[in-house]
Number of protein chains: 2
Amino acid sequence: MYRTHTCGELRQAQIGQEITLAGWVHKIRDKGFVLWVDLRDRYGITQLVFDEERTPADVLEKAKKLGREFVLQAKGTIIQRTSRNDQIPTGDIELLVSEFTILNPSLLPPFTIEDETDGGDELRMKYRYLDIRRDPVKDNLIFRHKVTMEVRKYLSDQGFIEVETPYLIKSTPEGARDFVVPSRMNEGQFYALPQSPQTFKQLLMVGGMDKYFQIVKCFRDEDLRADRQPEFTQIDCEMAFVEQDDILETFEGLTRHVLHAIHGVDTGAFPRMTYDEAMQRYGSDKPDIRFGMEFGELNALAQHGDFNVFNQAELVVGIAVPGGASWSRKEIDAWVDWVKRPQVGAKGLVYVKCNEDGTYKSSVDKFYDTEDLAKWAKTLGAQKGDLLLIISGDKAASRNQLNVLRMELANQLGLRKTDEFAPLWVTDFPLLEWDEDSESYHAMHHPFTSPKPDQLSLLDSDPGAVRANAYDLVLNGNEIGGGSIRIHDKEVQQLMFKHLGFTEEEAKAQFGFLMDAFQYGAPPHGGIAFGLDRFVAILGGQETIRDFIAFPKNNSGRDVMIDAPAHIDKDQLKELGLKIDLPSS
Amino acid sequence: MYRTHTCGELRQAQIGQEITLAGWVHKIRDKGFVLWVDLRDRYGITQLVFDEERTPADVLEKAKKLGREFVLQAKGTIIQRTSRNDQIPTGDIELLVSEFTILNPSLLPPFTIEDETDGGDELRMKYRYLDIRRDPVKDNLIFRHKVTMEVRKYLSDQGFIEVETPYLIKSTPEGARDFVVPSRMNEGQFYALPQSPQTFKQLLMVGGMDKYFQIVKCFRDEDLRADRQPEFTQIDCEMAFVEQDDILETFEGLTRHVLHAIHGVDTGAFPRMTYDEAMQRYGSDKPDIRFGMEFGELNALAQHGDFNVFNQAELVVGIAVPGGASWSRKEIDAWVDWVKRPQVGAKGLVYVKCNEDGTYKSSVDKFYDTEDLAKWAKTLGAQKGDLLLIISGDKAASRNQLNVLRMELANQLGLRKTDEFAPLWVTDFPLLEWDEDSESYHAMHHPFTSPKPDQLSLLDSDPGAVRANAYDLVLNGNEIGGGSIRIHDKEVQQLMFKHLGFTEEEAKAQFGFLMDAFQYGAPPHGGIAFGLDRFVAILGGQETIRDFIAFPKNNSGRDVMIDAPAHIDKDQLKELGLKIDLPSS
């Protein structure tokens, strides 16, 4: 071992001891006759001191040539520090160095290794190994480890067995695009990387494994939106002989355990809300309920006058912004412009100031009297001093626009507190959703999700109305988990495939093994998958996942550090029986 | 929940209680007036009873139509069993069924769901979900889970952080073949699946993570020997600021912890042996030291006479087989034939019986007298009643042949006890090994392994003699882990690449990021990787890994259950910019 202690553990108790440390030169202060070096490792920082009086001359000389990020092994005696540093746990002591070895020198790093670095995103990604030396990134990775250990501990204690499912599986055209892997031993054929272990975990239920989980990488070859990764990690879970409530209780237990173990937070029972209710009250299937500003529908109160914008709208819907009545006209206009941007897409925004003196001032004073506005305010739960903001139009679009507005307002008003945790179950999702592009219904969750049993007959007459035994776990406005009770009956599964536009042959070719399995005693079962990257980020009080992943890819799916993907040898291609065939080549 | 209890937990204490169970029909015994059903789930078996006196007639009627592997939910009362079954923990009681529901019927399974099944390997793989219902497979998967939980617990308690490294990385022609993954967003370019997270874990050390581990899938597109899988799992570990001894101690600690936690076995300090010593004493770099039969070299004692086979041999080497003197001539001849088979490749086998009366009888009595044979027996540590078996020829080949013979003898003599655990460190492996095909040196471990620092100068003069800071952990004759101290210096790494035949450009193109990283303060570091599949199998007292993997692939790399790999859509290929280009097409 190159050290007797780490740079984070020395205290007054060690004063007088001979100690060896190893780590990186974090900072150097050279006063000529005395030189201080902050030596850093994963565990902390310890100050090394060299001075003319006590340090051998050659050692001091050599120390003066050190540079940032040099790797040192330093021996010496722990002494009391003359001026205590309250900022660090080792601030009482320093190491008076008697000798040291440079284990490796360092070029000047391309950005500073500080909490607030001067490195831009691309530079930090290219030198990710240096970025990881920074506390914010390092601490996130350690935090992730702690969360996954707690998840595993809890699930294992509950009788769940972690089973590894294969990564080299079969491509299915359904849903997002698969990454495929050419097989050399089976020429012209391909494996696919799993988008999730869905069918395998169901087969484990058929196999009697009863309670399964796995923390597992999944892959999607999608165009990457901001904060999406082509490879991501799921906490994937499945249980047999359960109904929806059993799953919700079990994974509410998991989430509660993690919140308690990591943050000491005790949440009560998680609220539950149907999809329809969530859309109505928040315009979102993943509402952030840490704060109010619930939606109120105003059709009945606002469609009686001459204001045709409202009269012609399918929905008139608003929120009350706390304290917003004091905003200037300019501030309000800025919000009107903000919702009109194409990213939001609202046609306009009606406001009503609920003044402290009980009067109202609105952008529709021409059309509505005080009594109208007072009723609106009451419906939206406004207090004196609040500002009503109202959007109208097509129902789905208006809800979505008002949701985007509500979330941005909350961000700017500081209502989304990162140390507050508000979990929520959203249940009864639609089974199918209409896809405009393909003009057909797609499975909203996935094709294995069970319709509500009493609604099977609706599949033909009104497919969009069928609700599923599907649920999401929402935390602070983010979907962190989603799942469903699965179909375990071959006929129902065939019916589903039919409604999703599969021919019988296609269904058999792709999922024949699953339907076969259903014929050999498949138990009722259901499960859930958590998006670990996001779960960890939100637990860590952040909303971007990238710094909770050791080596993330950029928005083009590239690892800029190792420069992948890359071209491969002609020989390699030939062995695989493949040829590059680009339109441009 | 479909049940109040599992099928494994009911005892006399529950007699009289109303209970609901759910599970699979394991066995049916129909005596006409009474019918017993063994109901099975992951946790055990509970006997259900239906009889004319106590069961409603329609329920009994329905029960008579049950078949094997039907899925049931059964309600009733726990009663004392008239004839106790000592074989199962629930043998005191049975469930007198008042009503039951068939949750799913089952076709007759293609093989019996019993410990000793009538299903062949291919059939079991095709219906793996049924195979997993069998206790031996199910128990192995649960056992694997327990082992990995203990591994994670131990390493985490020791301050190791589990960090996920990427699966979509860059292809490197070195070593075994990579699986590649075409990138749609970067046309004509490919990711590769990692053969191990080697470079990433080293970068984590450069990043100051200090102690890293990961239980992680790795991929090799190799022609599959028996009991190899294209995807396999490693316990991958790395530490900074360590020397070889620190690694050996840490992972000896891990292995000891697992042996104790899983089997209650306490092993002392693990013996250590250099590679050279292991080859000399056992003819193998992964000797099974649960039993004796150590090699003895007889050149000095056997090359003085007229027996030219020995005189011309580079090595004359033998073992003493306990009790073998009593073997018949026929039995001994069978062994002679066995070693002459091409799979072993020996030219012959000399035997010497050390009779109980102190006399000797050998196949070379013409050439050697009793005094000679007595000296041989002494060198090989033979007791009266033992049989000496001696092989001669080329040194490397003879050792290998005698090793194969020793292992097979031990198998047949029952010396390889599955409940005995004999770990061993083998150290000081050669840095390079000569590859006959390419007529060049390859890295024996991998190109990042550090040569013994004092032997760097030998790299030019005698490359094959250079020893590395590389070590294997051997358990019961199997390599379960291997690792090394790594190079952390850019110049030494460049030197290694040069000796492995890389041009400077090739080294830079493939590993430039690593050599860059070495310039920014890389600490000394080293690590190890355990082959989890094999580790678990050996801990479980077995040597084949397939039944410790939930969904293994066959020797052609196929998953016969889901039928993968498979052909993919033309559209999919087109999107990837690829064309199938087979010699035959």
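The values are calculated or read from the model by the stated rules, or taken from the named source; none is laboratory data. Remember, it's a predicted structure, so these values are computed and weren't measured experimentally. In this analysis, Cβ positions are derived from the backbone assuming ideal geometry, glycine residues included, and neighbour counts consider all displayed protein chains. With ligands, DNA and RNA removed, areas are computed over all heavy atoms of the protein, side chains included. Shrake-Rupley method; radii C 1.70, N 1.55, O 1.52, S 1.80 Å.
Listing for the model above:
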| read-out | value |
| --- | --- |
| Set A:Gln189, A:Gln202, A:Gln158: member being more than 7 Å from chain B (Cβ to nearest Cβ) and surrounded by fewer than 24 Cβ atoms within 10 Å (Cβ to Cβ) | A:Gln158 |
| Residues that are open to solvent by 70 Å² or more (accessible area, probe 1.4 Å), over 37 Å from the mean Cα position of the chain (by Cα) and of a type in the set (S, T, N, Q), drawn from segment B:339-379 | B:Thr370 |
| Residue match in segment B:380-393 (condition: buried (at least 18 other Cβ atoms within 10 Å of the Cβ), in a loop (DSSP other than H, G, I, E, B) and assigned by TED's automatic domain parsing to the domain that holds B:Val536) | no |
| Among (1) in contact (Cβ under 8 Å) with a residue 24 or more places away in the chain; (2) touching a Phe, Trp or Tyr at 6+ places or on another chain (Cβ under 6 Å); (3) away from every other protein chain (no Cβ under 13 Å), the one test that A:Thr274 misses | (2) |
| Pair list, Cβ under 6 Å, 6 or more apart: segment A:85-113 residue within 17 Å of A:Tyr127 (Cβ to Cβ), other residue open to solvent by less than 20 Å² (accessible area, probe 1.4 Å) and among the β-branched types (Val, Ile, Thr) | A:Asn104/A:Val71 |
| Selection within segment A:1-38 - open to solvent by 20 Å² or more (accessible area, probe 1.4 Å), closer than 19 Å to A:Gln87 by Cβ and part of a strand (DSSP E or B) | A:His26, A:Lys27, A:Ile28, A:Arg29, A:Trp36, A:Asp38 |
| Residue in segment B:54-67 that is within 43 Å of the chain's Cα centre (by Cα) and within 24 Å of B:Ile142 (Cβ to Cβ) present | no |
| Unmet criterion (only one of (1) part of a helix (DSSP H, G or I); (2) open to solvent by 20 Å² or more (accessible area, probe 1.4 Å)) for A:Thr255 | (2) |
| Residues of segment B:425-437 satisfying the condition of being open to solvent by less than 60 Å² (accessible area, probe 1.4 Å) and at pLDDT below 90 | B:Asp435 |
| Lone qualifier among B:Asp285, B:Asp276 - being of a type in the set (Asp, Glu), assigned to a helix (DSSP H, G or I) and open to solvent by 10 Å² or more (accessible area, probe 1.4 Å) | B:Asp276 |
| Residue list for segment A:115-139, restricted to those being open to solvent by less than 50 Å² (accessible area, probe 1.4 Å) and either among the basic types (Lys, Arg) or at the interface with chain B (Cβ under 8 Å from one of its Cβ atoms) (or both) | A:Arg124, A:Tyr127, A:Arg128, A:Tyr129, A:Leu130, A:Asp131, A:Ile132, A:Arg133, A:Arg134, A:Lys138 |
| From A:Thr165, A:Thr148, residue being hydroxyl-bearing (Ser, Thr, Tyr), farther than 20 Å from B:Phe548 by Cβ, touching a residue at least 40 places away in the same chain (Cβ under 8 Å) and within 9 Å of another protein chain (Cβ to nearest Cβ) | A:Thr148 |
| Check on A:Leu473, more than 14 Å from every other protein chain (Cβ to nearest Cβ), under 20 Å from A:Lys286 (Cβ atoms) and not small (Gly, Ala, Ser) | yes |
| Filter pass, A:Gly296 being touching a residue at least 40 places away in the same chain (Cβ under 8 Å) and either open to solvent by less than 30 Å² (accessible area, probe 1.4 Å) or of a type in the set (Lys, Arg) (or both) | yes |
| Some residue of segment A:281-296 being more than 30 Å from A:Ile538 (Cα to Cα) and at pLDDT 95 or above | no |
| Selected residue (criterion: farthest from the other protein chains (Cβ to nearest Cβ)) from residues of segment B:548-585 that are basic (Lys, Arg) and open to solvent by 20 Å² or more (accessible area, probe 1.4 Å) | B:Lys570 |
| Cross-chain or 6+ apart pairs with Cβ under 8 Å, segment B:331-351 first and free of Cβ contacts under 8 Å to residues at least 40 places away in the same chain, then open to solvent by 50 Å² or more (accessible area, probe 1.4 Å) and polar (S, T, N, Q) | B:Tyr351/B:Ser363 |
| Residue within segment A:454-471 that is at negative phi, under 23 Å from the mean Cα position of the chain (by Cα), surrounded by 21 or more Cβ atoms within 10 Å (Cβ to Cβ) and not basic (Lys, Arg) present | yes |
| Failed criterion for B:Phe448 (all others in (1) of a type in the set (Phe, Trp, Tyr); (2) touching a Pro at 6+ places or on another chain (Cβ under 8 Å); (3) modelled with pLDDT of 90 or more hold) | (2) |
| Lone unmet requirement of (1) surrounded by fewer than 22 Cβ atoms within 10 Å (Cβ to Cβ); (2) on the phi > 0 side of the Ramachandran plot for B:Gly521 | (1) |
| Residues of segment B:161-186 that turn out to be open to solvent by 10 Å² or more (accessible area, probe 1.4 Å) and out of contact with any helix residue (DSSP H, G or I) (no Cβ under 9 Å at 6 or more places or on another chain), as a count | 5 |
| Unique residue being within 9 Å of another protein chain (Cβ to nearest Cβ) and either touching a Leu at 6+ places or on another chain (Cβ under 6 Å) or crowded, with 19+ Cβ neighbours inside 10 Å (or both) when the list is B:Glu243, B:Glu231 | B:Glu231 |
| Qualifying position, being modelled with pLDDT of 95 or more, more than 16 Å from the chain's Cα centre (by Cα) and within 14 Å of chain B (Cβ to nearest Cβ), among A:Gly526, A:Gly483 | A:Gly526 |
| Given (1) in contact with a strand residue (DSSP E or B) (Cβ under 9 Å, 6 or more places away or on another chain); (2) open to solvent by 40 Å² or more (accessible area, probe 1.4 Å), number of the condition A:Ser328 does not satisfy | (1) |
| Every pair of residues 6+ apart whose Cβ atoms lie under 8 Å, when the first sits in segment B:362-375 and is within 17 Å of B:Gly318 (Cα to Cα) and without any contact (Cβ under 8 Å) to a residue 24 or more places away in the chain while the second is among the basic types (Lys, Arg) and surrounded by fewer than 18 Cβ atoms within 10 Å (Cβ to Cβ) | none |
| Yes/no for B:Arg133 being out of contact with any Leu (no Cβ under 8 Å at 6 or more places or on another chain) and not assigned by TED's automatic domain parsing to the domain that holds B:Gly501 | yes |
| Answer from A:Val404, A:Val336 - the residue that is part of a helix (DSSP H, G or I), open to solvent by less than 30 Å² (accessible area, probe 1.4 Å) and β-branched (Val, Ile, Thr) | A:Val336 |
| Test: residue in segment B:48-70 that is in contact (Cβ under 8 Å) with a residue 24 or more places away in the chain, away from every other protein chain (no Cβ under 14 Å) and touching a Gly at 6+ places or on another chain (Cβ under 8 Å) | yes |
